[in-house]
Amino acid sequence: MSETLVDTKSIDASKRTWMIASGCAGAVGGIAVAVPFVSTFQPSERAKAAGAAVEVDIAGIKPGEKITVEWRGKPVWILRRTPEQIAALPKLDAQLADPKSERKRGEMTPEYALNEGRSIKPEFFVAVGICTHLGCSPSDKLSAGPQASVPDDWQGGFLCPCHGSTFDLAGRVFKNKPAPDNLEVPPHMYLSDSKLLIGEDKKA
């Protein structure tokens, strides 16, 4: 009986020693893991730069062409509209859900873009290329005329392939579509005739 008790105490002592050692090792390991984990909360240089304004050279964009740049991790479209495309915009008002961009005024559309073309300069349209429905990226359907997935009287614009929302060449959503709002126009201003700054609009 006494031998059994001695063995049990020995086992308990061994367990206790093992648990203390394991606990210490775990604590040290936890601290070692926590240091790099906590450091991930510190913004990287790339993350800091992601919020900065982006300067874009627009001199090489030809009428009818669109380029995409990144700002704050979002795709921003810069479309140079042709005179014909600009002239067609007012004709679409009756087909649009929010032709005057009155919904979320100042949030989705800055005051200086509250016009038919939703732009500072009529030929250049600047928008965040993310559908306001579920965040998909719409596809280009810039040319006018009958084509897949758009009406036969299509005047040019954008089609969201996810759920079929359509937008005109000013990013205005058509009626009876899933997207609730027009495409977002980001803050922007012109530094010169050939330089556009996206992310700031102090001079606009």
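Nothing in this text is a laboratory measurement; each read-out follows from the coordinates by a stated rule. Values in this document were obtained by computation on a predicted structure and should not be read as measured data. Here Cβ is always computed from backbone atoms with ideal geometry, including for glycine, and neighbour counts include all displayed protein chains.
Before moving on, here are some points about what is shown:
- Taking each of 62/177; 121/175; 141/202 in turn, the alpha-carbon distance tops 28 angstrom for 62/177; 141/202.
- Residue 193 paired with residue 91, simple spin-label distance in nm, labels 7 Å along Cα-to-beta-carbon: 3.0 nm
- Remark: the Cα gyration tensor places segment 57-163 in the rounded category, a/c being less than 1.5.
- Charge tally in the Cβ shell below 11 Å around residue 82, where Lys, Arg are +1 and Asp, Glu are -1, residue 82 excluded: 0
- Here is the list for segment 95-178: GluC sites (Glu not before Pro) lying in DSSP coil, each with at most 10 other C-beta atoms within 10 angstrom of its C-beta, are 102, 107.
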